[in-house]
Every structure is written in C-alpha cells, then in structure tokens.
Amino acid sequence: MIWPMSTPSKPRVRRAYDEPEPQDGIRVLVDRLWPRGLSKDSARIDEWLKDVAPSTELRRWYGHDASRYEEFCRRYEAELADEAHARALARLRELAASGPLTLLTATKDVEHSQVPTLLKALSG
C-alpha cells in the first residue's frame, strides 16, 4: 500500500529505515523500541514518542500474528486512552497541526502494525 502524502490533518507514514525526504516535515518514531541496526545519528528522527506505541505486553502478545490483528487493534485503542498514551497522542496532534508530519516505524508490515490504529486516533 502506498501511504498518502502528509497534510495538516493526515500524517505521512514511512519506515524508519527510509531516507528522509524534504516533504517529511517533522519525523516522529512511533515504536517503543529503537529500530535495529539504525544509528541515532543517521536516523534523522526529530522526536521519539515511545509512549504512543503499544505497551510491551501488548506488543509481545500480538507478535505480528495477523490472526490476532483485530484484537490487537481493539486492545491498542483501549491503551491509547490511558494517561501516558493520551499525552503522547496529544503531542502528535500538536505536531500535526504545526505542519507536515511523518510517522516512522521499523515494522515491515505497516498495514498490520499499530500505525493504522494510530492514524485513526489522530484523525478523531
């Protein structure tokens, strides 16, 4: 799937390993773990919002098992309502309102990650 360009209300989504592009705007890592093999100097990440990512427990339970994806999304939506997640989500909304925003993730299967649920939460 090709993710859309960023607009003030819709962030762009890219893999953390992708080369930065001028239209990325603010680049925010939305994973709880730092991407394997990516140095902090070369990453060109403006902000790392670990608290917007699924909890370690939920991430481990899910294990990128596609048969658990719907339940993963439901549980992640519930997590986004807790205090730490809500603060991080509010920060993402601030960043999105200030200009182009790109959400970065290390996952290979973006469509079955937390990112679609996060995009939905940002738009709501």
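Tell me, please, whether a residue that is of a type in the set (Ser, Thr, Tyr) and surrounded by fewer than 13 Cβ atoms within 10 Å (Cβ to Cβ) can be found in the range 66-73. Even if it seems obvious, please write down each step before you answer.
The initial filter retains those residues of the range 66-73 that are of a type in the set (Ser, Thr, Tyr), namely 67, 69.
So of that shortlist, the ones also surrounded by fewer than 13 Cβ atoms within 10 Å (Cβ to Cβ) come out as 67.
Yes - at least one qualifying residue is present in the range 66-73.
Being surrounded by 12 or more Cβ atoms within 10 Å (Cβ to Cβ) and either farther than 19 Å from Asp24 by Cβ or in contact with a helix residue (DSSP H, G or I) (Cβ under 9 Å, 6 or more places away or on another chain) (or both): is that true of Glu83 here?
Against the criterion (surrounded by 12 or more Cβ atoms within 10 Å (Cβ to Cβ) and either farther than 19 Å from Asp24 by Cβ or in contact with a helix residue (DSSP H, G or I) (Cβ under 9 Å, 6 or more places away or on another chain) (or both)), Glu83 does not qualify.
Is at least one residue of the range 20-41 assigned to a helix (DSSP H, G or I) and of a type in the set (A, V, I, L, M)?
Looking for residues that are assigned to a helix (DSSP H, G or I) and of a type in the set (A, V, I, L, M), one finds none in the range 20-41, hence no.
Do you know which of the residues in the range 42-56 that are at pLDDT below 95 and not in a loop (DSSP other than H, G, I, E, B) is nearest to Arg91 (Cα to Cα)?
Once the filter is applied, the top-ranked residue is Ala43.
For (1) of a type in the set (Phe, Trp, Tyr); (2) within 12 Å of Val13 (Cβ to Cβ), each residue gets a yes or a no:
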| position | (1), (2) |
| --- | --- |
| Gly25 | no, no |
| Arg36 | no, no |
| Trp61 | yes, no |
| Arg68 | no, no |
| Ala88 | no, no |
| Leu92 | no, no |
| Thr107 | no, yes |
| Glu111 | no, yes |
| Leu119 | no, yes |
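Does at least one position in the range 86-96 carry a residue that is over 18 Å from Leu118 (Cα atoms), surrounded by 11 or more Cβ atoms within 10 Å (Cβ to Cβ) and either out of contact with any Asp or Glu (no Cβ under 6 Å at 6 or more places or on another chain) or of a type in the set (S, T, N, Q) (or both)? Walk me through it before giving the result.
Our first condition is that a residue be over 18 Å from Leu118 (Cα atoms); within the range 86-96, this holds for none.
Scanning the range 86-96 turns up no residue that is over 18 Å from Leu118 (Cα atoms), surrounded by 11 or more Cβ atoms within 10 Å (Cβ to Cβ) and either out of contact with any Asp or Glu (no Cβ under 6 Å at 6 or more places or on another chain) or of a type in the set (S, T, N, Q) (or both).
Determine whether Ala96 is without any contact (Cβ under 8 Å) to a residue 12 or more places away in the chain, part of a helix (DSSP H, G or I) and aliphatic (A, V, I, L, M). Even if it seems obvious, please write down each step before you answer.
Working: without any contact (Cβ under 8 Å) to a residue 12 or more places away in the chain: no; part of a helix (DSSP H, G or I): yes; aliphatic (A, V, I, L, M): yes.
It is false that Ala96 is without any contact (Cβ under 8 Å) to a residue 12 or more places away in the chain, part of a helix (DSSP H, G or I) and aliphatic (A, V, I, L, M).
The values are calculated or read from the model by the stated rules, or taken from the named source; none is laboratory data. Here the structure is a predicted model, which means the values were calculated and not measured. Glycine gets a Cβ as well: all are built from the backbone with ideal geometry, and neighbour counts include every protein chain shown.
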